[in-house]
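For reference, the structure discussed in these notes is given below.
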Amino acid sequence: MAEPLHAAELNPAATAHLPKFFTAPGETDVLMVVTAIFLVVAVLSFGVFFFRLHTLPERMAHTTHKVQMEIVAVLGLIALFTHMHIFWIIGLLLALIEIPDFGGIFGRIAGSVEKMAGVKAGEGASETRSQPLNEIDETAQVPPDRTTPVPRKLETVEKKKKELGHA
C-alpha cells in the first residue's frame, strides 16, 4: 500500500489532507490497477453474456432436435452480422414452434407403395428420373417376383349408384 504523502512533499497549493487513493510520485496506483482489472472482467463477462443470449434460439432448436435447426442458426448469424434484431426474433419463434416432419411420413408412404408395386425400396424413383419424360414406357412391366404384369396407369372402377333412403 502506498505511504501517505508528508507535508514537506506536498505542493503549496494542495490541501493538508489528501484522500488515500492519491499516490506518491513513482509508486503504483492501486486503484487504477483494480479498476483496469474490473473493467476487463466486466467487458469479457458482458461479451460472453451477449453471445450466450444471441445463440439462445439455436441452442433451443438443437436441444429439441427440431427440423428447422439450420434455418434458426442462419437467422441467428444474419442477425449477428446485420444488427437487425427481427431475424433473431424470427429465429426464436421458429425454435419455439414445432413444425411437423412431413418427410418421414411421405417416406413411409413411398416405401409402402413401392412394396405394393413389387419394386425394391428406393428404385422406383430412380427409374423415372433416368429416362426423359418423352421416353417413359407406358406399357405394363412384370416385376421379377410376380407372373402377371402390373399396369402403369390405374384403372377406374365404376361406382354403384347409391339408393336414396329415407330417414
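The values are calculated or read from the model by the stated rules, or taken from the named source; none is laboratory data. Note that the coordinates shown come from a computational prediction; the quantities given were computed from them, not determined experimentally. Positions of Cβ are backbone-derived with ideal geometry, glycine not excepted, and every protein chain shown enters the neighbour counts.
Some points to look at:
- Sole exception among (1) hydroxyl-bearing (Ser, Thr, Tyr); (2) loosely packed, with under 10 Cβ neighbours inside 10 Å; (3) at pLDDT 90 or above for Thr156, by number: (3)
- Restricting segment 54-64 to residues that are in a helix (DSSP H, G or I) and not small (Gly, Ala, Ser), the residue that is surrounded by the fewest Cβ atoms within 10 Å (Cβ to Cβ): Thr63
- Of the residues making up segment 77-96, those that are surrounded by 13 or more Cβ atoms within 10 Å (Cβ to Cβ) and either of a type in the set (Lys, Arg) or free of Cβ contacts under 8 Å to residues at least 12 places away in the same chain (or both) are Leu77, Ile78, Ile89.
- The listed residue being in contact with a Gly (Cβ under 8 Å, 6 or more places away or on another chain) and exposed (fewer than 13 other Cβ atoms within 10 Å of the Cβ), out of Ala36, Ala110, Ala121: Ala121
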